[in-house]
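Asks: I have a structure here, written as structure tokens, and I will follow up with some questions on it.
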Amino acid sequence: MSKLPAAAPFDFAGSSTAVCDAVLKLRGDALHAELGRIAACLLASPEGVFLMCDAGAKPSSDGRLEKDVHVDGHCVGRYEVAGRAYTLDDWRQLEGLAALTGTLLQMHGLAQRTTHAYAHMEAQLAHQSQILDQIHESVLTMDRMGYITSWNKGAEQLFGYTALEAIGRNILFLYADEDPTPLDAFPEEGGRMMEVRRRKKSGEVFWASLSLSPLNDLEDHPVGLIAYLTDITERKLAEERLHHLAYYQELTGLPNRRLFGRLVDQSLTVAQRNDTTACVLYVDINRFRLINGTLGRRVGDELLRQAAQRFRNALRDEDVVAHLAADEFAIGLFDVRQHFEATTVAQKLQAALEAPFRIEGHDLRVGASIGIAVYPQDGQDAETLLRMADIAMERAKENAQNPDKSVAFYRLDMNQGMEQRMKIESGLRHALGHGELVLHYQPKFEIASGRLVGAEALVRWKHPTRGMVPPSEFIPLAESTGLIVQVGEWVLEQACAQASIWQQAGLPPFRLAVNVSAREFTPSLPDRVASTLRRYRLPPYWLELEITESTLMHDIEQVIDIMDCVNGLGVALSLDDFGTGYSSLSYLKRFPIDTLKIDRSFTTGIPRDSSDCAIASTIISMGRRLGHRVIAEGVETVDQIEFLREAGCDEVQGYLYGKPLPALEFEMALRENWLQVA
């Protein structure tokens, strides 16, 4: 019970203000004491209290006046005043004070709950903001006009802009210049994903995976978008690399066969609509495989790169040039008025190859044989036109005196020849693995003594249905397809194996000659020969390698090194088909060869043809002066042998002395006839 000093009583307005201040500023006992004091002042009572109770308020019989304070129907306290006689007006004053106090307490409680809820919401938002900032993915929100309303740490790290720099700006400032697409209409339900290009603060443009979701208000009305962005630049670059590998030749950077087919088919659709002509050119670079085999792949690759660039420079921008494989290219010509215009383009391509290629100190010269197929008469699609152009190219290569200038259009009859060629090639591959190849041996005799001094191992193809296939049918094909390397390896292996058998059988040694193609004449040849001799325990004087002049005309220094290595093994070297090539006499004297072989084309006319006689005599004279033995092949008459004897030729080979025989028949003839010659 508060006992107040005598003072002027409050009026009701002053009491209301005092109660409002107390409720706002005080709590607990201090609030209760202040409310009791205010009630005593209002009613000019000596005593006044505010108690926590549930009793109802009514005039007291002992002169005490009481009134309960209610909030939301519940009693939260009671005013009590005492010390004088009270009237009905006093009771009404106290009742009004109690009602005002209840209202103020109710409002204050509501304000406190609201403040607490707001603080809780702020804490939740702060918590959510921390979570968003910890997410590596960049998250931002925009209003319906595209202005940024929030920006997390992931967005700061991705774009380089702080939240202060980004919030409030339109999202378009992040777009790349080449991607000026404005914002689409905002989706109202669900979301969507896309791959976009965006720009960082540094100016770097990158690929991003963008996911958009609607941002709704409390009434579920769309108010903007939530955007999630992830940097996918590495993945896009990897996809681009895979695409390039799938559609372009890595070596030259030109479209490959697959992409060429697509581009040509698309252009043929336009040609059909415009009723125009189109042409496909199939280009084969001559002598590339020889260069690649003798000088190595690095030189060959650089040659292809430079040739591709020359082709590109010789063509129009709208023409399509592709690198199909190895030394094969294809050209697509569109919007052509007359198909013979393709001949002009083909000649431009051949002219582009005329200047020598300077690669690693070598001056390399190549040419091109070109086949042409015309749309629509030769084919309606890229693959058919390519196939027909390939057939025409093969015909151009075979029939031309100068393959480097040969151009041929496709004709229907070419297809039949190509099918036959493919059958032979397929059959030859089968023959290599199924024992259909055999060796025949043709003897070589010394003219002066008449004794056998050697034999040449000649490959034959014993076909299961066709019988013996002439070498003239399959050897050129093996040369052009590269199968000659496998054939040559097989011949060397079988010849050494047979020589080993004859050695063990006690036959006197003689030189067994094996032909080596230009494709085989590489730095690996000496090691292959040495390992084969070791495998069969065969002395090197049993073996002779025959090489052609054309083999020697590429990288002379390397050729001489290879020949020196072969000579170092003790294996003899013979220069085959001498006089048909283009060898320089200045180089000829440097070649460590043992024998010059006069080609049969010069032997055939002896002694009737004066030119053949002059050439043969010159070769024999030159060979003897250089210290080489000379052998003539294709000798079939006594007149020929007499001329060669008088001219000083050392050895002969031909049907006059013996035709090529299988190993068993050769051995029988050797024992019964040839070894008996003194």
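The values are calculated or read from the model by the stated rules, or taken from the named source; none is laboratory data. Just so you know, these numbers come straight off a predicted model, no measurement behind them. Reconstructed Cβ throughout: ideal geometry from the backbone, glycine too, with neighbour counts over all protein chains shown. The protein model used for the area step is the full one, side chains on, heavy atoms only, and it has no ligands, DNA or RNA in it. Shrake-Rupley method; radii C 1.70, N 1.55, O 1.52, S 1.80 Å.
Asks: Is there a pair in K405/K462; K462/K589; K423/K444; K236/K348; K444/K589; K397/K462 whose C-alpha atoms are over 31 Å apart, and which pairs would that be? Spell out each step's value before the answer.
Replies: Details: K405/K462 37 Å; K462/K589 40 Å; K423/K444 35 Å; K236/K348 39 Å; K444/K589 25 Å; K397/K462 28 Å.
Distance filter (> 31 Å) returns K405/K462; K462/K589; K423/K444; K236/K348.
Asks: On to the next question. What does the charge count near A39 come to, summing +1 for each Lys or Arg and -1 for each Asp or Glu among other residues with Cβ under 9 Å from its Cβ?
Replies: Neighbourhood net charge equals +1.
Asks: Which of the trypsin sites (Lys or Arg not before Pro) found in region 343-412 are in a DSSP loop and have at most 16 neighbouring Cβ atoms, other than their own, within 10 Å?
Replies: Loop-located and lightly packed - R365, R411.
Asks: Can you give me the solvent accessible area of H463 with a 1.4 Å probe, rounded to the nearest 10 Å²?
Replies: 40 Å²
Asks: Then there's this: For helix 471-481, what angle does its Cα long axis make with the longest principal axis of the chain, in degrees from 0 to 90 and rounded to 10?
Replies: Helix 471-481 sits at roughly 30 degrees to that axis.
Asks: Rounded to whole Å, give me the distance from the Cα center of region 355-404 to that of region 197-218.
Replies: Each part reduced to its Cα centre gives a spacing of 52 Å.
Asks: Near the amide H of E651, under 5 Å away, which other amide H atoms are found, from residues 5 or more places off or on another chain, if H is placed in the peptide plane?
Replies: Counting only residues 5 or more places away or on other chains, the set is I447, V630, I631, A632.
Asks: Here's a follow-up. Mind checking the angle between helix 663-672 and the chain's longest principal axis? C-alpha axes, 0 to 90 degrees, to the nearest 10.
Replies: Compared with the principal axis, the helix lies near 20 degrees.
Asks: Among all the lysines, which ones have a C-alpha under 22 Å from K153's C-alpha, if same-chain residues fewer than 8 places away are not counted?
Replies: Partners within reach: K200, K201.
Asks: Ok, one more. Residue farthest toward the positive end of the dipole of the chain, with Cβ of Lys/Arg at +1 and Asp/Glu at -1: which of P222, Y247, H434?
Replies: H434
Asks: Can you tell me the accessible area per residue over the chain, all protein chains present, probe 1.4 angstrom, in square angstrom?
Replies: 51 Å²
Asks: Just reorder H323, H74, H221, H32 by solvent-accessible area, largest first, 1.4 Å probe, all chains present.
Replies: Largest accessible area first, the list is H74, H221, H32, H323.
Asks: To continue, here is another question. Net charge near P660: determine it from the other residues with C-beta under 14 Å of the C-beta of P660, scoring Lys and Arg +1 and Asp and Glu -1.
Replies: Around P660, the charge tally is 0.
Asks: Quick query: amide H of N152 versus all other amide H atoms, modeled in the peptide plane; which residues come in under 5 Å with a sequence gap of 5 or more or a different chain?
Replies: So N152 has HN proximity to V139.
Asks: While we're here: Where both partners of a DSSP beta bridge lie in the chain, what percent of those bridges are antiparallel, to the nearest 5?
Replies: 75 percent
Asks: What does the helix-only formula give at 222 nm for the chain: each DSSP H stretch with n ≥ 4 adding -39500 (n - 2.57), the total divided by the residues, and the result rounded to the nearest 500 deg cm²/dmol?
Replies: About -14500 deg cm²/dmol.
Asks: Under 15 Å from the Cβ of T604, count the other residues' Cβ atoms, weight Lys and Arg +1, Asp and Glu -1, and hand me the total.
Replies: Details: positive: K597, R600, R608; negative: D577, D599, D609, D612, E633, E636, D639.
Local net charge: -4.
Asks: Now a separate question. If I fit a long axis through the Cα atoms of helix 88-134 and take the longest principal axis of the Cα atoms of the chain, what angle between them do I get, 0 to 90°, rounded to 10?
Replies: 10 degrees
Asks: Which label belongs to the value computed from this structure, given these candidates for volume of the Cα convex hull per residue in Å³: [x] 233; [y] 305; [z] 186?
Replies: Recomputing volume of the Cα convex hull per residue in Å³ here picks out [y].
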